[in-house]
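Colleague: Starting off with a structure, shown below.
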Amino acid sequence: MQPRRPDRFDGLEYRGTSWGRGDGDVPPYQHGFPARSFSSSGDLSQHWVTTPPDIPGSCNLHWGEKSPQYGADSNAGPAAVGEESSSSSSGGEHLNRFAGFGIGLASLFTENVLAHPCIVLRRQCQVNYHARNYQLSPFSIVNIMYSFTKTQGFRALWKGMGSTFIVQGISLGAEGMLSEFTHLPRELNHKWNPKQIGGHLLLKGLVYVIVTPFYSASLIETVQSEIIHDNPGILDCLKEGIGRVLNLGVPYSKRLLPLLVLTFPTVLHGILHYIISSTIQKCVLFFIKKKSPAQLPGDGSNAVQNKLEDYFPELIANFAASLCADVLLYPLETVLHRLHIQGTRTIIDNTDLGHEVVPINSQYEGLKDCINTIKREEGGLGFYKGFGAVVVQYTLHAIVLQITKIIYSSVVQTAS
């Protein structure tokens with residue numbers, strides 16, 4: 001059976017008054033079409049043989065020819081102006097995307113790199129039940145940071161940063177795999193229901209269960225003193241976390257709490273932190289969008305403001321959400337870190353003096369006993385040891401966001 005598709009397709013082999021093969025003596029009726037003269041423009045507009053010539057990319061076009069715009073004039077003046085405006089809008093779009101990428105990168109750098117010294121000091125103060133200075137003021141935290149860098153170098157403030165990235169990677173990987181195999185919703189759409197919320201929170205809880213041993217290993221690396229601690233390897237966090245699960249590797253003391261005891265407070269803290277931060281983020285975004293007036297898309301004077309409103313509301317909402325969650329859950333985080341560090345033979349820096357070291361030899365029996373012991377021996381402010389580091393951390397974050405906003409505004413105004 002012969003195919004009914006022609007050998008070639010070049011406007012149905014039509015070109016003027018001859019056919020695409022160059023043999024003008026071939027009668028048109030052999031191609032299945034009646035002989036028709038297309039010499040007049042009226043016949044061409046009424047009878048389309050193939051794709052009309054006013055569509056760019058039409059097969060009627062040959063090399064070196066351009067498809068005219070429908071209803072456009074034949075002169076090239078307006079086309080040149082259109083091309084110029086298109087190129088300028090394309091350049092603005094590229095600048096906008098690049099600036100958005102820079103803003104997001106600056107936020108990630110602030111949250112994970114610049115804030116890491118504050119996280120180190122904060123965790124060391126939380127687990128140091130010997131401390132008499134609770135370090136509630138940001139000025140005292142800055143002073144103790146200076147003392148640590150003076151005696152141990154700047155490296156002491158960024159210890160354990162690689163393990164924190166490993167924990168984040170494990171969390172993201174576990175969440176992706178669990179959502180694929182269990183079909184639990186990884187994200188919630190606008191039309192959510194209680195069943196979807198329960199499945200989503202169950203997914204988050206399972207992720208925190210998986211991350212628990214690796215979180216313990218990362219916590220040890222961030223609070224262990226550099227004076228007596230060897231340089232940890234990149235994969236030590238993974239090795240120690242797996243050894244904690246299999247009860248292998250470094251010997252721990254008899255006061256070490258089993259993972260089953262640590263799982264509940266870890267999951268509780270993670271779920272509460274996620275719920276609080278998500279709620280605050282949605283509320284802040286709602287109020288920002290409600291407060292900001294609608295801008296006309298064609299208003300050139302408000303172009304910079306419109307572009308800024310595309311990026312910064314979400315960054316501000318994330319900033320407010322993380323701040324509120326960390327402040328509200330700080331007492332629970334203090335208890336959690338003390339339970340994780342107990343029995344691990346960890347020696348931390350002396351947060352009262354800024355030099356020397358202090359061993360951790362706590363003997364908590366569980367979550368309830370740790371709460372009662374802190375309240376009895378250290379008072380209510382004992383749950384907020386190292387809170388000045390939170391103030392320093394989010395102050396730096398706010399400054400970086402404001403500087404990034406100023407730089408982005410000046411760049412966009414210069415480019416426009």
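Colleague: Residue check: is residue 403 hydrophobic (A, V, I, L, M, F, W, C) and open to solvent by 30 Å² or more (accessible area, probe 1.4 Å)? Walk me through it before giving the result.
Modeller: Working: hydrophobic (A, V, I, L, M, F, W, C): yes; open to solvent by 30 Å² or more (accessible area, probe 1.4 Å): yes.
It is true that residue 403 is hydrophobic (A, V, I, L, M, F, W, C) and open to solvent by 30 Å² or more (accessible area, probe 1.4 Å).
Colleague: With respect to residue 67, is the statement that it is open to solvent by 50 Å² or more (accessible area, probe 1.4 Å) and at pLDDT below 90 true? Don't jump to the end; show me each part of the working.
Modeller: Values: open to solvent by 50 Å² or more (accessible area, probe 1.4 Å): no; at pLDDT below 90: yes.
Against the criterion (open to solvent by 50 Å² or more (accessible area, probe 1.4 Å) and at pLDDT below 90), residue 67 does not qualify.
Colleague: Moving on. Of the residues 221, 180, 187, 175, which single one is within 24 Å of residue 343 (Cα to Cα) and among the acidic types (Asp, Glu)? Before the answer, list the steps.
Modeller: Values: 180 fails: within 24 Å of residue 343 (Cα to Cα); 187 fails: within 24 Å of residue 343 (Cα to Cα); 175 fails: within 24 Å of residue 343 (Cα to Cα).
Just a single option satisfies the conditions, and that option is 221.
Colleague: Confirm whether residue 199 is more than 30 Å from residue 359 (Cα to Cα) and free of Cβ contacts under 8 Å to residues at least 40 places away in the same chain.
Modeller: So residue 199 passes the test.
Colleague: From the list 311, 364, 408, 394, exactly one residue is assigned to a loop (DSSP other than H, G, I, E, B) and surrounded by 18 or more Cβ atoms within 10 Å (Cβ to Cβ). Which is it?
Modeller: Working: 311 fails: assigned to a loop (DSSP other than H, G, I, E, B); 408 fails: assigned to a loop (DSSP other than H, G, I, E, B); 394 fails: assigned to a loop (DSSP other than H, G, I, E, B).
Of 311, 364, 408, 394, the one residue that is assigned to a loop (DSSP other than H, G, I, E, B) and surrounded by 18 or more Cβ atoms within 10 Å (Cβ to Cβ) is 364.
Colleague: For region 184-205, name all the residues that are more than 20 Å from the chain's Cα centre (by Cα), under 27 Å from residue 238 (Cβ atoms) and open to solvent by 70 Å² or more (accessible area, probe 1.4 Å).
Modeller: Across region 184-205, the qualifying residue is only 202.
Colleague: Right, something else. Step by step: first the residues of region 145-183, then only those that are hydrophobic (A, V, I, L, M, F, W, C), open to solvent by 80 Å² or more (accessible area, probe 1.4 Å) and within 24 Å of residue 330 (Cα to Cα), then the one that is nearest to the chain's Cα centre (by Cα). Which residue is that? So that I can check it myself, show each step before the final result.
Modeller: We begin by selecting, within region 145-183, every residue hydrophobic (A, V, I, L, M, F, W, C); these are 145, 148, 154, 156-158, 161, 165-167, 170, 172, 174, 177-178, 181.
Still in the running and open to solvent by 80 Å² or more (accessible area, probe 1.4 Å): 154, 158, 165, 172, 177, 181.
Checking which are within 24 Å of residue 330 (Cα to Cα) leaves us with 158, 165, 172.
On the way: 158: 21, 165: 13, 172: 11 Å.
Here the answer is 172.
Colleague: Another question, then. Can you work out which of the residues in region 211-234 that are farther than 17 Å from residue 156 by Cβ and touching a residue at least 24 places away in the same chain (Cβ under 8 Å) is most open to solvent (accessible area, probe 1.4 Å)?
Modeller: Just the residues of region 211-234 that are farther than 17 Å from residue 156 by Cβ, to begin with: 211-217, 233-234.
Next cut, touching a residue at least 24 places away in the same chain (Cβ under 8 Å) only: 211-217, 234.
Values: 211: 14, 212: 2, 213: 10, 214: 27, 215: 46, 216: 1, 217: 4, 234: 142 Å².
Here the answer is 234.
Colleague: As an exercise: evaluate residue 287 against (1) out of contact with any helix residue (DSSP H, G or I) (no Cβ under 6 Å at 6 or more places or on another chain); (2) within 30 Å of residue 353 (Cα to Cα); (3) open to solvent by 50 Å² or more (accessible area, probe 1.4 Å) and give the number of the one condition it does not meet.
Modeller: Of (1) out of contact with any helix residue (DSSP H, G or I) (no Cβ under 6 Å at 6 or more places or on another chain); (2) within 30 Å of residue 353 (Cα to Cα); (3) open to solvent by 50 Å² or more (accessible area, probe 1.4 Å), only one is false for residue 287: (2).
Colleague: Inside region 351-372, can you point out the residues that are free of Cβ contacts under 8 Å to residues at least 40 places away in the same chain and closer than 11 Å to residue 128 by Cβ? Step through it out loud before you land on a result.
Modeller: Narrowing region 351-372 to residues free of Cβ contacts under 8 Å to residues at least 40 places away in the same chain: 356, 359, 365, 368-372.
Residue satisfying the conditions is 359 alone.
Colleague: Also, quick follow-up: Among the residues of region 235-263, write down those that are among the hydrophobic types (A, V, I, L, M, F, W, C), within 22 Å of residue 166 (Cα to Cα) and surrounded by 11 or more Cβ atoms within 10 Å (Cβ to Cβ).
Modeller: If the condition is that a residue be among the hydrophobic types (A, V, I, L, M, F, W, C), within 22 Å of residue 166 (Cα to Cα) and surrounded by 11 or more Cβ atoms within 10 Å (Cβ to Cβ), then 235, 237, 238, 242, 245, 248, 250, 259, 262 are the ones that fit.
Colleague: Is it the case, given these coordinates, that residue 142 is crowded, with 17+ Cβ neighbours inside 10 Å, closer than 26 Å to residue 388 by Cα and within 31 Å of the chain's Cα centre (by Cα)?
Modeller: Values: crowded, with 17+ Cβ neighbours inside 10 Å: no; closer than 26 Å to residue 388 by Cα: yes; within 31 Å of the chain's Cα centre (by Cα): yes.
The answer is no for residue 142.
Colleague: Kindly check whether there is at least one residue in region 92-115 that is farther than 23 Å from residue 239 by Cβ, part of a helix (DSSP H, G or I) and modelled with pLDDT of 90 or more.
Modeller: Going through region 92-115, the residues farther than 23 Å from residue 239 by Cβ turn out to be 92-111, 113-115.
Restricting the remaining residues to those that are part of a helix (DSSP H, G or I) gives 92-111, 113-114.
Now drop any that are not modelled with pLDDT of 90 or more, which leaves none.
No - not one qualifying residue is present in region 92-115.
Colleague: Moving on. Condition first: modelled with pLDDT of 90 or more and of a type in the set (Asp, Glu). Now tell me which residues in region 153-188 satisfy that.
Modeller: Scanning region 153-188 gives 175, 180.
Colleague: Can you find a residue in region 323-335 that is surrounded by 17 or more Cβ atoms within 10 Å (Cβ to Cβ) and either more than 21 Å from residue 212 (Cβ to Cβ) or in contact with a strand residue (DSSP E or B) (Cβ under 6 Å, 6 or more places away or on another chain) (or both)?
Modeller: yes
The values are calculated or read from the model by the stated rules, or taken from the named source; none is laboratory data. From a predicted model like this one, the values you see are computed outputs, not experimental measurements. Because the Cβ atoms are built from the backbone with ideal geometry, glycine has one as well, and the counts that use them run over all protein chains shown. Each accessible area value is taken on the protein alone, full model and side chains, heavy atoms only, with ligands, DNA and RNA left out. Shrake-Rupley method; radii C 1.70, N 1.55, O 1.52, S 1.80 Å.
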